[in-house]
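K.L.:
Below is a structure I'd like to ask you about.
The values are calculated or read from the model by the stated rules, or taken from the named source; none is laboratory data. The model shown is predicted, which means the values in this text are computed figures rather than measured ones. Ideal geometry is used to build each Cβ from the backbone, glycine not excepted, and the neighbour counts take in all protein chains shown.
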Amino acid sequence: MRDFKTILVTGGAGFIGSNLIRYLLSDKSGFTGRIVNLDALTYAGNPDSLADIDKRLGGKRYFFLKADICDRKAVEKAFTDYAIDAVCHLAAESHVDRSILGPEAFIRTNVMGTFTLLDVARIAWKDRSDVLFHHVSTDEVFGSLGDSGFFTETTPYDPRSPYSASKASSDHLVMAYHHTYHLPVTLTNCSNNYGPYQFPEKLVPVMILNMIEDKPLPVYGDGKNIRDWLYVEDHNSAVWTVMQNGVLGQTYNIGGENEWENIKLLDRLIDLVAEESGKSSASLRSLITYVKDRPGHDRRYAIDCSKLKTELGWRQSVTFDEGLRKTVRWYLDNSGWINRVRSGEYRTWMDVNYTQR
């Protein structure tokens, strides 16, 4: 089992990143070292998500650096100042609709940013074997599935959007640095995450908040696109399992083994929001509005995570109903956080656009 003293988490103020930091600094992980959170605080990065962590552990086990992963000098300084011995690379532009409307930012952050981190790590670590660069990626790099079958670690890449193409490029760079420079790396591809602190542009938080505010519930196409849903804490426990015990140079798929059509997921969310808020489920269902499908909308994603389960012993710990109820309750209870992140660019953008990953 690998033991790290200081982990650099990129994008730690985002949804998965903030939840990962919470997990690593909890008793559940067994990690006793330090976390350095490097985040540029773009529209989806929010320091509020870790304010309590900063208050309790700031300057001791938790350190925040506002910096862009494309800024080589800033990344080099982080490696030097904090003696980084592991990277968990989460920082990315991750919003499919945004990538369709403005792909350049995705190429810059997801490709050039990953290159910068890899190259700084290569030089800083030289030939060390007690270090690790872990790269967090997505099942979207595999393209779209038909009615049957699953993505495995050997599924050929077939990205369909600028977002997934940029993530596919970063995956290839990570593996190229392993094979060319012998950089110790591991890589994970995950299915759709949901849970607390998710920026309200993805399907689950958008639908919950629209229900709270009695706004239309827009559904792309016929609503029958299928996604595999994974509770964010289960994702992060899998990432940590791979970082500690995964075989270097290997990829591991992380899935919820939990496929839902978008329209059926929305139906379940309506029931939960009605139960938790006291609203009428019938009135909430009347808000469902079908809208024009987005370009290149993949029909189905589903992950086979048997390699992770068989080789490393990981298991999901939260059922979908438990996770959804926790998520609904969190958004109902955290209006202050929601109001702060739904200002400025987000509000303007959402007035004219809508997404479902």
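K.L.:
Here are some conditions: (1) under 24 Å from ALA121 (Cα atoms); (2) over 20 Å from the mean Cα position of the chain (by Cα); (3) buried (at least 23 other Cβ atoms within 10 Å of the Cβ). ASN189 meets all but one. Which one does it not meet?
P.N.:
Single failed check for ASN189: (2).
K.L.:
Still on this structure: Would region 194-202 turn up any residue that is surrounded by 23 or more Cβ atoms within 10 Å (Cβ to Cβ) and hydrophobic (A, V, I, L, M, F, W, C)?
P.N.:
no
K.L.:
Hey, does region 317-336 have a residue that's under 21 Å from the mean Cα position of the chain (by Cα), among the basic types (Lys, Arg), at pLDDT 95 or above and farther than 23 Å from GLY278 by Cα? Break it down stepwise before answering.
P.N.:
Within region 317-336, the first condition is being under 21 Å from the mean Cα position of the chain (by Cα), and the residues that meet it are 317-331, 334.
Those left that are additionally among the basic types (Lys, Arg): 325-326, 329.
So of that shortlist, the ones also at pLDDT 95 or above come out as 325-326, 329.
Of the ones still in play, those that are also farther than 23 Å from GLY278 by Cα are none.
There is no residue in region 317-336 that is under 21 Å from the mean Cα position of the chain (by Cα), among the basic types (Lys, Arg), at pLDDT 95 or above and farther than 23 Å from GLY278 by Cα.
K.L.:
Shifting gears a bit: Kindly indicate which of VAL204, VAL242, VAL247 is modelled with pLDDT of 95 or more, of a type in the set (Val, Ile, Thr), on the phi < 0 side of the Ramachandran plot and assigned to a loop (DSSP other than H, G, I, E, B). Outline the logic, then answer.
P.N.:
Working: VAL204 fails: assigned to a loop (DSSP other than H, G, I, E, B); VAL242 fails: assigned to a loop (DSSP other than H, G, I, E, B).
After applying the criteria, what remains is VAL247.
K.L.:
Residues in region 79-99: is at least one within 18 Å of MET112 (Cα to Cα) and surrounded by fewer than 15 Cβ atoms within 10 Å (Cβ to Cβ)?
P.N.:
No, there is no match, as no residue in region 79-99 is within 18 Å of MET112 (Cα to Cα) and surrounded by fewer than 15 Cβ atoms within 10 Å (Cβ to Cβ).
K.L.:
Taking the conditions exactly as written (basic (Lys, Arg), surrounded by fewer than 15 Cβ atoms within 10 Å (Cβ to Cβ) and part of a loop (DSSP other than H, G, I, E, B)), does ARG315 satisfy them or not? It would help to see each step written out before you state the result.
P.N.:
Numbers: basic (Lys, Arg): yes; surrounded by fewer than 15 Cβ atoms within 10 Å (Cβ to Cβ): yes; part of a loop (DSSP other than H, G, I, E, B): yes.
Criteria met by ARG315.
K.L.:
For region 147-172, how many residues meet the condition of being surrounded by 19 or more Cβ atoms within 10 Å (Cβ to Cβ) and either out of contact with any Phe, Trp or Tyr (no Cβ under 7 Å at 6 or more places or on another chain) or not aromatic (Phe, Trp, Tyr) (or both)? It would help to see each step written out before you state the result.
P.N.:
In the first step, residues of region 147-172 are kept if they are surrounded by 19 or more Cβ atoms within 10 Å (Cβ to Cβ); the result is 150-151, 159, 161-171.
Narrowing further to those that are either out of contact with any Phe, Trp or Tyr (no Cβ under 7 Å at 6 or more places or on another chain) or not aromatic (Phe, Trp, Tyr) (or both): 150, 159, 161-162, 164-171.
Number of matching residues: 12.
K.L.:
Sticking with this one: How about region 88-97: which of its residues are farther than 16 Å from TYR62 by Cβ and either of a type in the set (Lys, Arg) or part of a strand (DSSP E or B) (or both)?
P.N.:
HIS89, the sole residue that qualifies.
K.L.:
Just checking, how many residues over region 167-201 are assigned to a helix (DSSP H, G or I), hydrophobic (A, V, I, L, M, F, W, C) and closer than 17 Å to LEU248 by Cβ? First the steps, then the outcome.
P.N.:
Restricting attention to region 167-201, the residues satisfying the condition of being assigned to a helix (DSSP H, G or I) are 167-181.
With the extra rule that they be hydrophobic (A, V, I, L, M, F, W, C), the set shrinks to 168, 173-176.
Subsequent filtering for residues that are closer than 17 Å to LEU248 by Cβ retains 173-176.
Of the residues in region 167-201, 4 are assigned to a helix (DSSP H, G or I), hydrophobic (A, V, I, L, M, F, W, C) and closer than 17 Å to LEU248 by Cβ.
K.L.:
Please find, within region 14-35, the residue that is farthest from GLY246 (Cα to Cα) out of those that are under 11 Å from the mean Cα position of the chain (by Cα) and of a type in the set (Gly, Ala, Ser).
P.N.:
Restricting attention to region 14-35, the residues satisfying the condition of being under 11 Å from the mean Cα position of the chain (by Cα) are 14-20.
If we keep only those that are of a type in the set (Gly, Ala, Ser) too, we end up with 14, 17-18.
Working: GLY14: 24, GLY17: 20, SER18: 22 Å.
The extreme case among them is GLY14.
K.L.:
If you don't mind, another one. Is there a residue in region 110-129 that is crowded, with 20+ Cβ neighbours inside 10 Å and within 15 Å of the chain's Cα centre (by Cα)?
P.N.:
Within region 110-129 (the criterion being crowded, with 20+ Cβ neighbours inside 10 Å and within 15 Å of the chain's Cα centre (by Cα)), the answer is yes, since at least one residue qualifies.
K.L.:
Same structure again: Among the residues of region 111-133, write down those that are closer than 17 Å to ALA74 by Cα and out of contact with any Cys (no Cβ under 8 Å at 6 or more places or on another chain). Don't jump to the end; show me each part of the working.
P.N.:
Going through region 111-133, the residues closer than 17 Å to ALA74 by Cα turn out to be 112-125.
Answer for region 111-133, where residues must be closer than 17 Å to ALA74 by Cα and out of contact with any Cys (no Cβ under 8 Å at 6 or more places or on another chain): THR114, PHE115, LEU117, LEU118, ASP119, VAL120, ALA121, ARG122, ILE123, ALA124, TRP125.
One line per residue, one yes/no per condition, for (1) closer than 25 Å to TRP125 by Cβ; (2) in contact with an Asp or Glu (Cβ under 7 Å, 6 or more places away or on another chain); (3) touching a residue at least 12 places away in the same chain (Cβ under 8 Å):
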residue: LEU8; (1), (2), (3): yes, no, yes
residue: SER26; (1), (2), (3): no, no, no
residue: GLY30; (1), (2), (3): yes, no, no
residue: GLY33; (1), (2), (3): yes, no, yes
residue: ASN37; (1), (2), (3): yes, no, yes
residue: LEU50; (1), (2), (3): no, no, yes
residue: LEU65; (1), (2), (3): yes, no, yes
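K.L.:
Here is a follow-up. Report whether or not ASP68 is outside any helix (DSSP H, G or I) and surrounded by fewer than 16 Cβ atoms within 10 Å (Cβ to Cβ).
P.N.:
Numbers: outside any helix (DSSP H, G or I): yes; surrounded by fewer than 16 Cβ atoms within 10 Å (Cβ to Cβ): no.
No; evaluated as a whole, the condition is false for this residue.
K.L.:
Follow-up. Just checking, which of LEU269, LEU248, LEU312, LEU230 is under 18 Å from the mean Cα position of the chain (by Cα) and either over 23 Å from LYS215 (Cβ atoms) or in contact (Cβ under 8 Å) with a residue 12 or more places away in the chain (or both)? Please lay out each step first, then the result.
P.N.:
On the way: LEU269 fails: under 18 Å from the mean Cα position of the chain (by Cα); LEU248 fails: under 18 Å from the mean Cα position of the chain (by Cα); LEU312 fails: under 18 Å from the mean Cα position of the chain (by Cα).
Criteria check complete, one pass: LEU230.
Residues are listed down the side, and each one gets a yes or a no for (1) of a type outside the set (Phe, Trp, Tyr); (2) at pLDDT below 95; (3) within 23 Å of VAL341 (Cα to Cα):
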site: GLY45; (1), (2), (3): yes, yes, yes
site: LYS66; (1), (2), (3): yes, no, yes
site: ILE84; (1), (2), (3): yes, no, no
site: VAL87; (1), (2), (3): yes, no, no
site: SER94; (1), (2), (3): yes, yes, yes
site: ARG98; (1), (2), (3): yes, yes, yes
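K.L.:
Right, ARG285: over 19 Å from ASP228 (Cβ atoms) and touching a residue at least 12 places away in the same chain (Cβ under 8 Å) or not?
P.N.:
Details: over 19 Å from ASP228 (Cβ atoms): yes; touching a residue at least 12 places away in the same chain (Cβ under 8 Å): yes.
In short, yes.
K.L.:
Whether any residue in region 212-225 is in contact with a Pro (Cβ under 6 Å, 6 or more places away or on another chain), in contact (Cβ under 8 Å) with a residue 24 or more places away in the chain and in a loop (DSSP other than H, G, I, E, B) is what I want to check.
P.N.:
Start the filter on region 212-225 by keeping residues that are in contact with a Pro (Cβ under 6 Å, 6 or more places away or on another chain), which leaves none.
The answer is no, given that none of the residues of region 212-225 is in contact with a Pro (Cβ under 6 Å, 6 or more places away or on another chain), in contact (Cβ under 8 Å) with a residue 24 or more places away in the chain and in a loop (DSSP other than H, G, I, E, B).
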